[in-house]
Amino acid sequence: MKTTPFSPTPAEIAQANPRFTPVAADTLYAATAYPPTTTVTIKPAQDYAIALVATFFPSDLAQLGGERIVAGLQTVDTNVYIAFNRDLPVSWFASIYKAGEISPNAAAFPYSSDADSFILPLNKAVTLTHDSAGWHIPSYDATLYKVTVGFGLGSDPIFCAYALQVSPVSTAVVAAGGFQLVRDAGGQEIGDVISVAEEAWSMPIGGQYILTFDASGNGTLSTR
């Protein structure tokens, strides 16, 4: 059988989404410090096979905008315990998408605090830096590249959980807020964008939480 490389037609290119959501990255850096432990125990009154997705939000989501993205999946039938630091650790996450290509290049760095200092090369032309003042974005051709910064969840691989598109020669302060569990809107998968209308339970970093679902499937979040 003869095979040919993937080659979209002009019509397919014209119909393509101009911005591909960053999905996954690995990190070459080992964590040297860790954020405070965050856990949640999920308790349903009865088995409703409650479908949830996990994401992450910055502390100033309403002001920054950006996109929350599905980075984990969880079905709740009985009791579930999630230790986020162990099961879905948070990382800094950045990506660069080149116009006309299939998907972005992405990279990550372990998160320990909002003041983490690191250098994150995305390609030969664009290297991002981060310190206590935020992300520092260098000059690049914005007609050719789209760059996002934010957070990822997981370890191998790390899936993008929050992405904010930035501009050349700028600084972006993106402070960590916490983890969110969101009621699945229906067949959501890793990499799907979460809408503001979806029901979500927010868990700032460092808390121990209980998410209880009553007999009607309504969820209530409390702290221990």
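Values in this text are rule-based calculations from the coordinates and carry no lab data. The structure displayed is predicted, hence computed values, not measured ones. Quick reminder, even Gly has a Cβ in these numbers, built from the backbone with ideal geometry, and neighbours come from all protein chains shown.
Checking every one of the trypsin sites (Lys or Arg not before Pro) in the stretch 38-129 against DSSP loop status and a limit of 11 other Cβ atoms within 10 Å picks out 124. Helix-only arithmetic for the chain: the sum of -39500 (n - 2.57) across DSSP H runs with n ≥ 4, divided by the residue total, places the mean residue ellipticity at 222 nm at -1000 deg cm²/dmol.
Shown here is the pair-distance distribution of the chain: with all Cα-Cα distances grouped in 5 Å bins from zero up to the longest one, the shares run 1, 6, 14, 17, 18, 15, 11, 8, 5, 3, 1, 0, 0 percent. Taking amide H atoms as placed 1.01 Å from N in the peptide plane, the amide H of residue 112 has no partner under 5 Å among residues 5 or more positions away or on other chains. Per residue, the convex hull around the alpha carbon atoms of the stretch 122-201 comes to 138 Å³. Using C-alpha pairs under 8 Å with a sequence gap of at least 6, the mean separation divided by the residue count of the stretch 181-224 gives a relative contact order of 31 percent. Based on C-alpha pairs under 8 angstrom that are at least 6 apart in sequence, the stretch 68-224 has a relative contact order of 23 percent.
Put a dot 7 Å past the Cα of residue 123, heading toward its Cβ, do the same for residue 32, and the two dots end up 3.0 nm apart.
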